[in-house]
Amino acid sequence: MNANPIIRVEHLHKWFDLLHIIKDVSFTVQLREVLVIIGRSGSGKSTLLRCLNFLEEPSAGTISIADKSVTCGVGVRPDRNQILSLRLSTGMVFQEFNLFPHMTVIENVIEGLVTVKKLNKAEAITLGEQYLGKVGLLEKRDEHPIRLSGGQKQRVAIARALAMQPSVMLFDEPTSALDPELIGEVLDVMKQLAYEGTTMLVVTHEMGFARDVADRIMHVDHGEIIEEGTPEQIFDEPKDIRTKTFLEPLRKVQHL
Amino acid sequence: MSVETAPPLGADFTDPDMAMGLQFIAQERRIRLAHMFQVGLVWLVLVVIFSFALLLMNIDPAYIVDHIDFVLKGVWVTIGVSLASIIIASVLALFGALGRLSGNPIADGISGFYVSVIRGTPLLIQIYIIYLGLPQIGRQLQIAGFQQLGSVFTLSAIQSGILALSLNYGAYMTEIFRAGIQSISHGQREAAAAIGMTRWQMMRRVILPQAVRVIIPDIGNQFIAMQKDSALVSVMGIWEITYRANRLARQESKFMEMFLLAAALYFILTIISTFFQSRLERRLAHAYER
């Protein structure tokens, strides 16, 4: 493996009041790597992901993405500009899509380009259409999100994140709010991104996707990484008993 | 509540299943109509009772008819004062709400203080302080040699009225604006933050455009309430509805005649405003469905 990771997380801690949600987590992600984070609900896996772009401010630790690095701790408050520039290195896709309902599809996709990156509108639209095409929704460019299915909304959300041309893409349970018949179209887009070499961190319960697409899988429980490895290692020969018991009931349902 | 009379489009009377459905629709319609009819009847009875009572009181309708033009001219003043005040109040409320939510202790402190002082004191006292109290400060300043600054504190009746209503409603509306802004889901903020927006960009591009749709019907309600509260500015001799009615009432002791007329004018204003307000509300309810 390359010695120069694109993401480096060092000694990350997160407390919610007196609850220690993330306990001294450190890991790295290589360029073009697809890292899937699995774990039961409440294990801290979403919080871990959200700490990377400071949607949750870490209580302590250092987050480095591309050439940006931010450190938190008691008495160490990161300044706003550091956080903003870190966020520009990440694209995020949410469970609930969070499209802007008052904007059309194309307006959603170009919003960051125009408002944050200060591109002129024509340039932004060219770029936006390119990414809308990539997720197969160019013909919906002038619709409002309310007219789209859940799967279409999530694909627009992916295009919105991609348009900012981040170094890494973060997916926070991107298919958990979707009806089962709509999950496939979103996973297909994500697979395509993975094959193109996008660096991706994916929190998901879709074990089939994890097995097919992940380069590495990380099992998080009680705020700690308890096991990580290739999909084969995790699914076929899990070493930790907790990984075994977590995966066992999923095997039958998801045909692993 | 609207009562439709035509059967729904695509109704097929020969289909027994649909025929059954149509019977239920008709039944619900009958119940709704009967209710509306009964409510209307109650209104009618009340109007008759009040009219009868007025006749017994020896009201002089001719006095009303003779002076209706004079009082009617006040309607425009009432509307003008209310309109100017609701606009300024909205601006104050926007800044007040942004201050409360800014996380900046100075802005939060200033708008919190503003809201609690205004809400804790009567509008009438606020009017007196602005119209009669402020010029005292102005005179002190002028004595101290600040001629220009001193004259700013002496406001005309109209200016004082608009300022008092604006400050007063601005405080109450700060809470409305704040609630409207907070009603926008947290996910919207997160999505804006995730693409690297600053707090101000988020507010301007994502939160406020959505919050405005929530707030506008409430601004309408406040405007309707303000039309009536603006009667208080008559104490400064502004020639709006109440002042004009009061003046004529005192001339010949025709109090009931003139104040009933004023009441009727406010009532009509309210009905008209409510009509437009509910139309606006219905249009905003179908937001984003272009």
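Data overview
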item: Pairs, first under 14 Å from A:D188 (Cα atoms) in segment A:149-164, second of a type in the set (S, T, N, Q), C-beta under 7 Å, six or more apart; result: A:V156/A:N108
item: Top-ranked residue in segment A:113-133 [being closer than 17 Å to A:S167 by Cα and out of contact with any Gly (no Cβ under 9 Å at 6 or more places or on another chain); ranked as surrounded by the fewest Cβ atoms within 10 Å (Cβ to Cβ)]; result: A:L127
item: A:R242 over 13 Å from the mean Cα position of the chain (by Cα) and within 23 Å of A:L52 (Cβ to Cβ); result: no
item: Residue within segment A:209-222 that is open to solvent by 20 Å² or more (accessible area, probe 1.4 Å) and within 11 Å of A:K45 (Cα to Cα) present; result: yes
item: Residue in segment B:210-224 that is within 14 Å of another protein chain (Cβ to nearest Cβ), over 27 Å from B:V81 (Cα atoms) and open to solvent by 10 Å² or more (accessible area, probe 1.4 Å) present; result: yes
item: Flag if B:E252 is charged (D, E, K, R), assigned by TED's automatic domain parsing to the domain that holds B:G80, over 15 Å from the mean Cα position of the chain (by Cα) and crowded, with 17+ Cβ neighbours inside 10 Å; result: no
item: Enumeration of residues in segment A:43-64 that are in a loop (DSSP other than H, G, I, E, B), of a type in the set (S, T, Y) and open to solvent by 10 Å² or more (accessible area, probe 1.4 Å); result: A:S59
item: Residues located in segment A:86-107, provided they are open to solvent by 30 Å² or more (accessible area, probe 1.4 Å) and over 24 Å from A:F54 (Cβ atoms); result: A:P101, A:H102, A:E107
item: Test result for B:L123, out of contact with any His (no Cβ under 7 Å at 6 or more places or on another chain), over 25 Å from B:A231 (Cα atoms) and open to solvent by less than 70 Å² (accessible area, probe 1.4 Å); result: no
item: Any chance B:I137 is aliphatic (A, V, I, L, M), open to solvent by 50 Å² or more (accessible area, probe 1.4 Å), within 27 Å of B:I238 (Cα to Cα) and modelled with pLDDT under 95; result: yes
item: Where a residue in segment B:205-224 is of a type in the set (D, E) and its partner, wherever it lies, is assigned to a helix (DSSP H, G or I), with Cβ under 8 Å and at least six apart; result: B:D218/B:M173; B:D218/B:I176; B:D218/B:G180
item: Any hit, segment A:167-182, residues being of a type outside the set (A, V, I, L, M, F, W, C), without any contact (Cβ under 8 Å) to a residue 24 or more places away in the chain and more than 13 Å from chain B (Cβ to nearest Cβ); result: yes
item: Any chance A:G39 is open to solvent by less than 50 Å² (accessible area, probe 1.4 Å), under 29 Å from B:R204 (Cβ atoms) and not aliphatic (A, V, I, L, M); result: no
item: Inter-residue pairs, beta-carbon under 7 Å, first without any contact (Cβ under 8 Å) to a residue 12 or more places away in the chain and in segment A:123-138, second assigned to a helix (DSSP H, G or I), 6+ apart; result: A:L138/A:E129; A:L138/A:L132
item: Check on B:A191, among the small types (G, A, S) and more than 14 Å from chain A (Cβ to nearest Cβ); result: no
item: Pick from segment B:77-93, criterion surrounded by fewer than 20 Cβ atoms within 10 Å (Cβ to Cβ) and over 18 Å from B:A263 (Cβ atoms), ranking: farthest from the chain's Cα centre (by Cα); result: B:V91
item: Close pairs from segment B:168-188: first of a type in the set (S, T, N, Q), partner outside any helix (DSSP H, G or I) and open to solvent by less than 10 Å² (accessible area, probe 1.4 Å), Cβ under 8 Å, at least 6 apart; result: B:Q188/A:F100
item: Which listed residue is surrounded by 10 or more Cβ atoms within 10 Å (Cβ to Cβ) and outside the structural domain of B:I158 (by TED's automatic domain parsing), from B:L72, B:L44; result: B:L44
item: Among the candidates A:I110, A:I83, residue that is within 13 Å of another protein chain (Cβ to nearest Cβ), free of Cβ contacts under 8 Å to residues at least 40 places away in the same chain, open to solvent by less than 40 Å² (accessible area, probe 1.4 Å) and among the hydrophobic types (A, V, I, L, M, F, W, C); result: A:I83
item: Lone qualifier among B:S151, B:S156, B:S160 - being open to solvent by less than 20 Å² (accessible area, probe 1.4 Å), among the hydroxyl-bearing types (S, T, Y) and farther than 30 Å from A:N108 by Cα; result: B:S160
item: Check on A:L178, within 13 Å of A:Q95 (Cα to Cα) and under 12 Å from the mean Cα position of the chain (by Cα); result: no
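The values are calculated or read from the model by the stated rules, or taken from the named source; none is laboratory data. Every value quoted in this text rests on a predicted model; they were computed, and no experiment measured them. Note that each Cβ is placed from the backbone with ideal geometry, even for glycine, and that neighbours are counted across all protein chains shown. These area figures cover heavy atoms from the full protein model, side chains too; ligands, DNA and RNA do not enter into them. Shrake-Rupley method; radii C 1.70, N 1.55, O 1.52, S 1.80 Å.
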